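A short worksheet on the structure shown next.
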Amino acid sequence: MRVLLLGGEAFPEFPGGLNRYLHDLRAALAGADVESDSVLISASAASPDLHHVAPDPLPARLTGVRAAAATAARRADVVDAHFALYAAAALTSRAVRRKPLVVHFHGPWAQESAAVGHSGLRVTVKRALERAVYRRADRVVVLSYAFKRLLVERYGVSPWKVEVIRPAVDLERFAPGDQSRAREKLGLESEDTVAVSVRRLVPRMGLDLLLGAWADLGQGTLVIVGEGPERPRLEALARRLDISGRVRFTGRVVEEDLPTYYRAAHLCVLPSLALEGFGLAVLEALACGTPVVASDAGGLPEALHGLGARMIVPRGDGAALAERVSSLLGNRTRLPSPGHCRTHAERFSPAQLGRRHRELYSGLPAPDSGPPLRRVVYVDHCARLSGGELALLRLIEA
């Protein structure tokens, strides 16, 4: 069996949860005897099974994705798409349309754009494109039942087409280690109380609530790993709360160093407000033996199921977050043990990820040309779209 993976950007050249997930899925499929070709945005040169499209302006990118997908689809049994924009561009090729289509739903693209202040036009375009791609798919994969419900209710996808397949964590890279050595490497005091939060710094991550909770704690060091547009505001908030000396913003760190941050901490805190499909950081921390407190947003409770209700707090409730973090760090015997955390993470192995996808691909309907996709319409809204990008307005099915 051979699958064509249509992704976003190549990992680790471009960090991000979706990019890392696809990178890990590719390795998991190889372990399950499923061969793959990948079409990704990258400045690297192409290789026989990795078709890299240069990170050029949008029109050139879409043209490149279409051409690369059309070439790779000729030897694929299944197409598995992970980003609606590039899936739509690829589906204008007859070679791609003739294959069974799986689409991974990693989150509501249009809604996330609206949350960061994009224009109404851009959001409308993205929502129409998403809906068309998801409805065309033979199967749609989500990481949690929370996202299955969102996909059915918001996008009108039949629940019978939606498969819940849990993600996997690299259990070799993310593994328990010596906490004192990790702290020494990061310049943290060996006896200090330490919490870590590995997040993209955007409003929906709820990190302002975490800073407030840390101010109430009155001691210890909070390490926030990640980059994003919210960083200046969060740093200013830390100064106003008079905790700048107890909060460290690391910015983006290389993937090889991430386990060190988890190992150095007594607790990982993920106070998300919305749009959490599952939370790979949950599995990474647990695999390193570090307990996790998370909000009840999206799929986070599903990721923590079995570790105790005290590890979950109501989203957006700063007082509850402060109380829970304070009580758990004040009495660490209430935390799950490192061994318990690791055992929980081992349920999410690359082997099970590859096996579930092989089963999914094998059960798809036979290839069918289906209703032809007539075309994709590009509309130039230079005056209304930032950078004069060409927006992919909607996918029109015959």
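Figures for the structure shown
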quantity	calculated
Residue, farthest from Ala84 (Cα to Cα), within the stretch 1-23, restricted to residues that are part of a strand (DSSP E or B) and open to solvent by 10 Å² or more (accessible area, probe 1.4 Å)	Arg2
Residue check for Val225: under 21 Å from Gly318 (Cα atoms), in contact (Cβ under 8 Å) with a residue 60 or more places away in the chain and assigned to a strand (DSSP E or B)	no
All positions within the stretch 286-318 that are farther than 20 Å from His106 by Cβ, in contact with a Leu (Cβ under 9 Å, 6 or more places away or on another chain) and assigned to a helix (DSSP H, G or I)	Leu286, Ala287, Arg310, Met311, Gly318
Checklist (1) assigned to a helix (DSSP H, G or I); (2) open to solvent by 30 Å² or more (accessible area, probe 1.4 Å) applied to Pro259, failing item	(2)
Number of positions in the stretch 25-49 that are of a type in the set (D, E, K, R) and open to solvent by less than 40 Å² (accessible area, probe 1.4 Å)	1
Inter-residue pairs, beta-carbon under 6 Å, first over 14 Å from Gly218 (Cβ atoms) and in the stretch 232-257, second open to solvent by 80 Å² or more (accessible area, probe 1.4 Å), 6+ apart	Glu255/Pro12
Among residues of the stretch 169-205, those that are touching a residue at least 40 places away in the same chain (Cβ under 8 Å) and of a type in the set (S, T, N, Q), counted	3
The stretch 186-197 - residue that is open to solvent by less than 20 Å² (accessible area, probe 1.4 Å) and among the small types (Gly, Ala, Ser) and, of those, farthest from the chain's Cα centre (by Cα)	Ala195
Residue check, Ala72 touching a residue at least 60 places away in the same chain (Cβ under 8 Å), touching a Lys or Arg at 6+ places or on another chain (Cβ under 7 Å) and more than 19 Å from Trp109 (Cβ to Cβ)	no
Residues located in the stretch 65-91, provided they are open to solvent by 30 Å² or more (accessible area, probe 1.4 Å) and β-branched (Val, Ile, Thr)	Thr71
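Conditions tested, residue by residue: (1) β-branched (Val, Ile, Thr); (2) under 17 Å from the mean Cα position of the chain (by Cα); (3) closer than 27 Å to Val164 by Cβ.
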site	(1), (2), (3)
Leu241	no, no, no
Leu275	no, yes, yes
Ala285	no, yes, yes
Ala309	no, no, yes
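The values are calculated or read from the model by the stated rules, or taken from the named source; none is laboratory data. Not measured: the values here are computed from a predicted model. Cβ coordinates were reconstructed from backbone atoms using ideal geometry, including for glycine residues, and neighbour counts include every protein chain displayed. Note: areas computed on protein heavy atoms with side chains; ligands, DNA, RNA excluded. Shrake-Rupley method; radii C 1.70, N 1.55, O 1.52, S 1.80 Å.
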